[in-house]
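The values are calculated or read from the model by the stated rules, or taken from the named source; none is laboratory data. None of these values were measured; they are calculated from a predicted model. Cβ placement follows ideal geometry from the backbone for every residue including glycine, while neighbour counts extend to all protein chains displayed.
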Amino acid sequence: MAVDSRSKASVMSRYALRMGNDFSRAEMSPRERELRSRAAQLLATEGLLHGNIVERQVLCGRKGCRCERGEKHATVYVYRRQGGKMRQLYVGKVHDAAVRRWVEQDKQLRALLEEIWEIHWARVKGHGRPPKGG
C-alpha cells in the first residue's frame, strides 16, 4: 500500500518541534499553562532567595550574658553554594519572616520549573514521532 507523502508530511508537521517564539499559549496543555501562570505569579512577588534556612544556637561572647550559663541565642542563617563554595548569610530577627518566605517561594518556583522542563523534555524526546494513540 502506497503512503501519500503529502499526508505523511502534514501529520509529521503537526508534531514538529517548535523553535523560537511561535509557540502560543493556546497550543500548550492546560497543565503547562497553569504551571507557567503560577511561576509568573511567584516571579512577580517581592522576593526570591535561593538557599536553605538553618537555625543555630550560638554564644555571643558578651560577659554576663545568659549564653554563658548555657542559654544560647537562636540565630537564623541562609546557606547556599555559590561559585563552588558554601556561603552563609546571617538573617536578623527583623528580616526572618521575609527571608523564610523568599526561600519558600524560590523552592516553589524551582518545583514549577522542573515540571515545565519535564514537559519540554518529553516534547523534544518525541520530536518527529506522533504521540502514542494519535
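Restrict the check to the range 57-68 and report whether at least one residue is in contact with a Ser or Thr (Cβ under 7 Å, 6 or more places away or on another chain), surrounded by fewer than 15 Cβ atoms within 10 Å (Cβ to Cβ), modelled with pLDDT under 95 and of a type outside the set (D, E). Give the steps one after another, and end with the answer.
Here is the first cut: in the range 57-68, the ones in contact with a Ser or Thr (Cβ under 7 Å, 6 or more places away or on another chain) are 58.
Filter once more, keeping what is surrounded by fewer than 15 Cβ atoms within 10 Å (Cβ to Cβ): 58.
From the residues that got through so far, the ones that are modelled with pLDDT under 95 too are 58.
Narrowing the set further to residues that are of a type outside the set (D, E) leaves 58.
Yes, the range 57-68 contains a residue that is in contact with a Ser or Thr (Cβ under 7 Å, 6 or more places away or on another chain), surrounded by fewer than 15 Cβ atoms within 10 Å (Cβ to Cβ), modelled with pLDDT under 95 and of a type outside the set (D, E).
Working only within the range 93-106, note down all residues that are within 12 Å of the chain's Cα centre (by Cα) and either loosely packed, with under 13 Cβ neighbours inside 10 Å or touching a residue at least 60 places away in the same chain (Cβ under 8 Å) (or both).
Residue satisfying the conditions is Q105 alone.
In the range 21-51, how many residues are at pLDDT 90 or above and among the acidic types (D, E)?
Count: 2.
Of the residues in the range 79-97, how many are closer than 14 Å to N52 by Cα and in a strand (DSSP E or B)?
10
Restricting the search to the range 26-50, which residues are more than 30 Å from D96 (Cα to Cα) and either without any contact (Cβ under 8 Å) to a residue 24 or more places away in the chain or touching a Ser or Thr at 6+ places or on another chain (Cβ under 9 Å) (or both)? First the steps, then the outcome.
Of the residues in the range 26-50, the ones more than 30 Å from D96 (Cα to Cα) are 26-34.
Scanning the range 26-50 gives A26, E27, M28, P30, R33, E34.
How many residues are among the basic types (K, R) and in a strand (DSSP E or B) when one looks only at the range 59-78? Steps first, please.
Of the residues in the range 59-78, the ones among the basic types (K, R) are 62-63, 66, 69, 72.
If we keep only those that are in a strand (DSSP E or B) too, we end up with none.
Total meeting the criteria: 0.
Would you point out which residue out of R56, R110, R100 is out of contact with any helix residue (DSSP H, G or I) (no Cβ under 9 Å at 6 or more places or on another chain) and not in a helix (DSSP H, G or I)? If you could, list the steps in order and put the result at the bottom.
Numbers: R110 fails: not in a helix (DSSP H, G or I); R100 fails: not in a helix (DSSP H, G or I).
Of the residues listed, the single one that is out of contact with any helix residue (DSSP H, G or I) (no Cβ under 9 Å at 6 or more places or on another chain) and not in a helix (DSSP H, G or I) is R56.
If the Cβ limit is 7 Å and pairs must be 6+ apart or interchain, which residue in the range 74-88 that is surrounded by 12 or more Cβ atoms within 10 Å (Cβ to Cβ) pairs with which residue that is not in a strand (DSSP E or B)?
What qualifies is V76/D96; V78/L49; V78/G51; V78/V99; V78/V103; Y79/G51; R80/H50; R80/G51.
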